[in-house]
1. Equivalent-ellipsoid semi-axes (√(5λ), Cα gyration tensor) for the stretch 208-274, whole Å, largest first?
2. Express the Stokes-Einstein translational diffusion coefficient of the stretch 147-221 in µm² s⁻¹, to the nearest whole number, given a Kirkwood radius over alpha-carbon pairs, 4 °C and a viscosity of 1.567 mPa s.
3. Please give the FRET efficiency for Ala106 paired with Asp256, using the beta carbon to beta carbon distance and R0 = 35 Å, rounded to the nearest 0.05.
4. Order 27-35, 147-155, 217-225 from most to least packed using the mean count of other Cβ atoms within 10 Å.
5. So how long is each side of the stretch 82-220 along the principal axes, counting just the alpha-carbon atoms, biggest first, in Å?
6. Give me the three principal axis extents of the stretch 142-266 from the C-alpha atoms, as integers in angstrom, largest value leading.
7. Efficiency by 1/(1 + (r/R0)^6): what FRET value for His94 and Asp204, r their Cβ-Cβ distance, R0 = 51 Å, to the nearest 0.05?
8. What do you get for GluC sites (Glu not before Pro) in the stretch 58-165 restricted to DSSP loop and a cutoff of at most 16 other Cβ within 10 Å of the site's Cβ?
Amino acid sequence: MAEILVLANETIGGAKLLDAIRERHAQGDARFHVVVPQIRPRHGNVIYDEAVRDSAQVRVDLALSFMHNEGIEGRGEVGDQDPLNAAKDAVAAHRIDEIIVSTLPARTSGWMKRDLIEALESETGLPVKHVVVDLEREGLPFDVTLVVANQTVAGGALVSRLQALADEGPRRFIIVVPQDHGEGHAVKAARERLHQLLASLEEDGIVAAGMIGDPDPFVATMNAVQFFHISEIVISTLPRGESKWLAAKLVERVRDATNKRVEHVESKPEPVEA
């Protein structure tokens, strides 16, 4: 069985890349290995390595969920920040036979400016299929809703709203939980709340993936907008008068900075099951 490396980042959900995976799968005798290089965020004074890795893992998870739904065998991992090194590491570890690389168009692709396709062919000696995905013109074959929440991430009001959005049409959810203080028990508690929401959505057949973000909710949101092709944003907070996020005008700041539709959901925190 041929081992096919799929190397992509922002374009991981692009229709042309998904079609290329389908076409290769239809030829038979293929197993896919998805690698997403890490991206350093543009926002925030401190870089949280866990948040950087989480953002790449979310892209891996969403790609694998697509493949699973299509009955395509696949696995994946987060790769080195350098896409060439990420590919070479995967080739060495998994005995790759072919490579599919997805990039943005040459005018905007940093990978193309570095002649990544030629470098891959030269360094690995493997056949490389290049798929160009123009997200600005083509978008994605589904909407992507960014959900930003912390104490209310497992709240009933938020879950109900996401279920209603999922009923409107093809949609993927990316959940970002800003870590309270960046380390220790606070991060563990945030991750437990995140896992509870993801489990609830999975029970309803809703495709979602999540990550721990920068402690500053505005920075966490802006980095997620950088990492993913977002259609809309849902921000969940404690009720007015209790929420520090509302006091800091988070909803208005995100709306002004992104020019995207931003919906606000108020919810009470609920006990988290470990």
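Bear in mind that the values in this text are calculations on the coordinates, not laboratory data. Remember, predicted model here, so these are calculated numbers, not experimental data. Cβ sites come from the backbone with ideal geometry, for glycine too, and all protein chains shown count toward neighbours.
1. Working: eigenvalues 78, 54, 25 Å².
Over the Cα atoms of the stretch 208-274, the semi-axes work out to 20, 16, 11 Å.
2. Values: Rh = 12.4 Å.
For the chosen part, D equals 104 µm²/s.
3. 0.65
4. On the way: 27-35: 16.9, 147-155: 25.0, 217-225: 22.4.
Ranked from most to least packed, the peptides come out as 147-155, 217-225, 27-35.
5. 52, 38, 29
6. Each principal axis gives a Cα extent; for the stretch 142-266 these are 34, 32, 29 Å.
7. Numbers: r = 34 Å, r/R0 = 0.66.
Once the sixth-power term is evaluated, E becomes 0.90.
8. Those satisfying the criteria are Glu70, Glu73.
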